[in-house]
Amino acid sequence: MQLNLPGCKVGLMVAGKIGAVSEVPAVGRFDVQQASGCACLRLRKAARRMTRHYDAHLAPSGLTIGQFGFLAGLHRAQVDKPGLSLTALAGYAGMDPTTLNRSLKPLVVAGLIDNVRDPHDRRARLVFLTPAGRSKLAQAMPLWQRAEAEMTGRVGQDAVVALNRMLDLAHDRLGDASAGPGAG
């Protein structure tokens, strides 16, 4: 499939038929199939499949894999201190604080987590697991373990270890992508 950009008009040719034509600056000729090798698109495709796998296993607990991850992260953080700032949790989750706050609302409504003003910094909020949150995490843990074991069995232990190493490497090398192209 080729995308021709002669002059200032572009037409997408699929199976010999030209699709919609729109005005764009001429920049040359592009092979649209190059996008099939895009690491980001492939990662998103795999992530959607993986999310469906974990969500299906966690369904009896009423949690999604994202919610399970928040509860597990808070549990781990509370070993050292009684709460985690929204900023720290956002960093752990790789999200901006506003998006994180929206994602946490269902957990707050369900009484699984709470957030309060930081007594040492009135501008900050601390997020922590409630007793109900610890109980829900304990209920979900065996479901997550089954999902993890099944995924590892299907993909292979060595592949999972390699995948985790590659994802960590990409995360570290890309840095904060919101800083713009070339930043990091």
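What distance in nm lies between label points placed 7 Å from Cα along the C-beta direction at ASP172 and HIS120?
Going by the 7 Å Cα→Cβ label model, 2.8 nm.
Of all the accessible heavy-atom surface of segment 46-89, with the other protein chains kept in place and a 1.4 Å probe, what percent is carbon and sulfur?
61
At what distance in nm do the modelled label points of VAL160 and ASP96 sit from each other, each positioned 7 Å from its Cα along Cα→Cβ?
Modelled inter-label distance: 3.4 nm.
Give me the 1.4 Å probe accessible area per residue for segment 60-138, excluding ligands and nucleic acids, in Å².
I get 56 Å² per residue for segment 60-138.
In whole Å, largest first, what are the principal axis extents of the Cα atoms in segment 46-158?
So the extents along the principal axes, rounded to whole Å, are 48, 26, 25.
If you take the C-alpha gyration tensor of segment 108-161, multiply each eigenvalue by 5 and take the square root, what semi-axes do you get, largest first, in whole Å?
Its equivalent ellipsoid spans semi-axes of 35, 16, 7 Å.
Under 5 Å between amide H atoms, partner at least 5 residues away or on a different chain: which partners does SER85 have, H built in plane at 1.01 Å?
HN-HN under 5 Å from SER85: VAL127.
Hey, quick one: spin label on SER135, modelled 7 Å out along Cα-Cβ, who in segment 76-116 has an amide N within reach, i.e. under 20 Å?
Inside the label zone: 76, 106-115.
Taking the Cβ of HIS57 as the center, what net charge do the other residues with Cβ under 11 Å away carry, scoring Lys and Arg +1 and Asp and Glu -1?
Around HIS57, the charge tally is -1.
Mind listing the phi-derived Karplus ³J(HN,Hα) values for segment 100-112, rounded to whole Hz, using 6.51, -1.76 and 1.60 with θ = phi - 60°, and x for any glycine or proline?
Once rounded to whole Hz, the list reads 4, 4, 5, 5, 7, 3, x, 6, 5, 4, 6, x, 8.
The values are calculated or read from the model by the stated rules, or taken from the named source; none is laboratory data. Note that the structure is predicted; figures quoted are calculated from it, not measured. Ideal geometry is used to build each Cβ from the backbone, glycine not excepted, and the neighbour counts take in all protein chains shown. Remember, those area values only see protein heavy atoms, side chains included, never the ligands or the DNA or RNA. Shrake-Rupley method; radii C 1.70, N 1.55, O 1.52, S 1.80 Å.
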